[in-house]
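Report on the structure given below.
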Amino acid sequence: VQDRITLDVGGMTCASCAMNVEKVLKRQKGVSSASVNVSTSKARVEYNSSLVSAEDMIAAIQGIGYPASLPA
Ligand code: 9UX
């Protein structure tokens with residue numbers, strides 16, 4: 001099953017930040033695509049919810065130093 005979510009990601013101030021977040025998301029088992037927009041502070045992710053959860057993704061993003069949360 002393919003699921004989609006858009007997460008809020010804070011603290012990204014340059015394009016490389018977005019690349020870092022995309023990389024850590026794509027490293028998660030079950031994530032098939034990740035697109036991070038530094039100007040909107042959003043990460044759009046396609047994933048398999050039987051393999052990875054939004055909470056897992058948030059923890060991974062926070063693990064490399066960016067605050068992340070479910071959209072308000
Ligand atoms: Mo850019 Mo982001 O020099 O952590 S990579 S600010």
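A short reminder: the numbers here are calculations on the coordinates, not readings from a lab. Computed from a predicted model, the values in this text were never measured in an experiment. Cβ sites come from the backbone with ideal geometry, for glycine too, and all protein chains shown count toward neighbours.
Provide the net charge surrounding residue 69, with neighbours chosen by a C-beta distance below 12 Å and charges set as Lys +1, Arg +1, Asp -1, Glu -1.
Values: positive: 42; negative: 8, 55.
Within the 12 Å Cβ shell, the charges total -1.
By how many degrees, between 0 and 90 and to the nearest 10, does the Cα long axis of helix 54-63 differ from the longest principal axis of the chain?
Computed tilt is about 40 degrees.
If we count every other residue with Cβ under 15 angstrom of residue 9's Cβ, Lys/Arg +1 and Asp/Glu -1, where does the sum land? Show your work: numbers first, answer last.
Working: positive: 23, 26, 42, 44; negative: 8, 22, 55, 56.
The answer is 0.
Tell me, how many Å apart are the Cα centres for segment 28-64 and for segment 1-19?
Cα centroid to Cα centroid, the span is 7 Å.
Principal axes first, then extents: for the Cα atoms of the chain, list largest minus smallest coordinate on each axis, whole Å, largest first.
33, 24, 18
How much length would be gained if the chain were fully extended between residue 72 and residue 16, taking 0.36 nm per residue of separation minus their Cα-Cα distance, in nm to one decimal? Don't skip to the answer; put the middle values down first.
Numbers: separation 56, 0.36 × 56 = 20.16 nm, distance 2.52 nm.
Working it through step by step, the gained length comes to 17.6 nm.
Please tell me the relative contact order of segment 3-69 in percent, rounded to the nearest whole number, where contacts are Cα pairs under 8 Å and at least six residues apart. Write out the running numbers ahead of the final one.
Details: 110 pairs, mean separation 27.9, N = 67.
Relative CO of segment 3-69 lands at 42 percent.
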